[in-house]
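The values are calculated or read from the model by the stated rules, or taken from the named source; none is laboratory data. Note that the structure is predicted; figures quoted are calculated from it, not measured. Cβ placement follows ideal geometry from the backbone for every residue including glycine, while neighbour counts extend to all protein chains displayed.
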Amino acid sequence: MSNSTRVPFVGLTGGMGSGKSTALDALTRLGALTLSTDAVVHGLYEQQHVLDEVTGRWGVEVAPGGVADRAAIARMAFADADERAWLESLLWPLVGSEVASFRERSLDHDPTPRAAVVETPLLFEAGMDGIYDATIAVIADEELRRLRAESRGHASADERHARQLTQQEKAQRATFVVVNDGTAEQMESELALILDQLAS
């Protein structure tokens, strides 16, 4: 039986190195139920039918020993717009099904979460913003983003950035904007205020 209390359904986005994952962790601590679509995709790559599709397209070198090499898959997908479109057509419907299932689970969750938040890097680019009650864009100083991305081995991510909206475009489209140029505690305080607004 579903809770009678409304659970705000929220999309969280931001560019590489902006602090999306940190924000998602903070929202979990603040009482939200959270889902990372990156984690969903990682799980999909462990499913045999997805591995079969990917290796059928690009060869066994993208899954040595039957284990998906996400870096190799990304290289293949980002090298060509048609290849990227093919991968997205394979993954996005499966991700969408998991997001819908997550939303249903949030309604039955005990205790009732303050919000159900889905982290989606390409939220606006994929046209997914329409399914949410509200959206949050996490933005940060460009130099900070670059340093964060490089520290995680994403130094050559220019081709990925090229297909994403700019931070400013994400911020203009989002319901709420969080500037992640300070401490994790400052960002958590901002997110707490957003959850309060969503509940009012």
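Annotations
- The single residue among 6, 29, 70 that is touching a residue at least 40 places away in the same chain (Cβ under 8 Å) and not hydrophobic (A, V, I, L, M, F, W, C) turns out to be 29.
- Of residues in the range 111-135 being charged (D, E, K, R) and either at pLDDT 95 or above or at positive phi (or both), the one surrounded by the most Cβ atoms within 10 Å (Cβ to Cβ): 119
- Boolean, residue 28 is over 12 Å from the mean Cα position of the chain (by Cα) and within 24 Å of residue 175 (Cα to Cα): yes
- Every residue from the range 164-190 that is at pLDDT 90 or above and of a type in the set (Val, Ile, Thr): 175, 177, 178, 179
- Only residues that are exposed (fewer than 13 other Cβ atoms within 10 Å of the Cβ) and of a type in the set (A, V, I, L, M) were counted across the range 185-198, and they come to 1.
- Condition met for residue 36 (surrounded by fewer than 16 Cβ atoms within 10 Å (Cβ to Cβ), under 30 Å from residue 173 (Cα atoms), among the small types (Gly, Ala, Ser) and modelled with pLDDT of 95 or more): no
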